[in-house]
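As structure tokens, the structure follows; a few thoughts come after it.
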Amino acid sequence: MSMQDRFQHLYSVISGQRFLDKRGLGNEVPFFICPFKAEEATEMERLQSQLVNRLEQTGLKVLSINLYDLSVEILKEREVWNRILELEPTVSKDQLKELLQGVLDPEAHLVPAIASKLQAAELDVLFLSGVGEVFPYIRSHNVLNNLQSTAKDKPTVLFFPGSYTHSLETGASLDLFGRLHDDKYYRAFNIFHYEA
């Protein structure tokens, strides 16, 4: 599917009343995965920006949160950003990963920051991006699991650099960059399989 075809599909789905009213989800949380190939990240970022503009022109309000930008914001608010920059060259990657995982824990810090942005905004749909940039210290399935009680009122679209697959043998999984098995996650829908 070309980028233009994907744009048209995303626009027709997200602007549709069925999507906005969360119909056809069988009482599941309104989480949608928008998978794309990692090498298409720049094009997908452009598509996402155009999509936000087009949706807003039709009167829909989109709250777009980049997980990397939010992480930097949290680190600065908690006054650990400069300390991490100082530590980074002197510690192992595993130590840095462990430090960041603690400071940016989805349940304790990241999801509350998203919840705060949700409460401050008037929105019809939430876009989450930056998944590849925050790997491995933030895992997308952890964010989605912890968001279930926070972001259940409006549809959420996670732009995911990889694949979201379903099979009878292995269940559903998020495979980051098309090669890293990011764990099982069952409660989302592939937005390209959702009808407008």
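The values are calculated or read from the model by the stated rules, or taken from the named source; none is laboratory data. Quick caveat: nothing in here was measured; it's all calculated off a predicted structure. Because the Cβ atoms are built from the backbone with ideal geometry, glycine has one as well, and the counts that use them run over all protein chains shown.
Couple of notes before you dig in:
- Taking every residue in the range 59-76 that is farther than 10 Å from residue 134 by Cβ and pairing it with any residue that is of a type in the set (Val, Ile, Thr), at least 6 positions away or on another chain, the pairs with Cβ-Cβ distances below 7 Å are 60/125; 62/52; 62/125; 64/52; 65/114; 75/84; 75/103.
- Residue check for residue 52: under 21 Å from residue 129 (Cα atoms), surrounded by 16 or more Cβ atoms within 10 Å (Cβ to Cβ), β-branched (Val, Ile, Thr) and more than 14 Å from the chain's Cα centre (by Cα): yes
- Restricting attention to the range 77-118, the residues being in a helix (DSSP H, G or I), β-branched (Val, Ile, Thr), under 28 Å from residue 63 (Cα atoms) and out of contact with any His (no Cβ under 9 Å at 6 or more places or on another chain) number 2.
- Only one of the numbered conditions (1) modelled with pLDDT of 90 or more; (2) surrounded by 14 or more Cβ atoms within 10 Å (Cβ to Cβ); (3) out of contact with any Phe, Trp or Tyr (no Cβ under 8 Å at 6 or more places or on another chain) is violated by residue 18, and that is (2).
- Residue 122 being among the charged types (D, E, K, R), assigned to a loop (DSSP other than H, G, I, E, B), out of contact with any Leu (no Cβ under 6 Å at 6 or more places or on another chain) and at negative phi: yes
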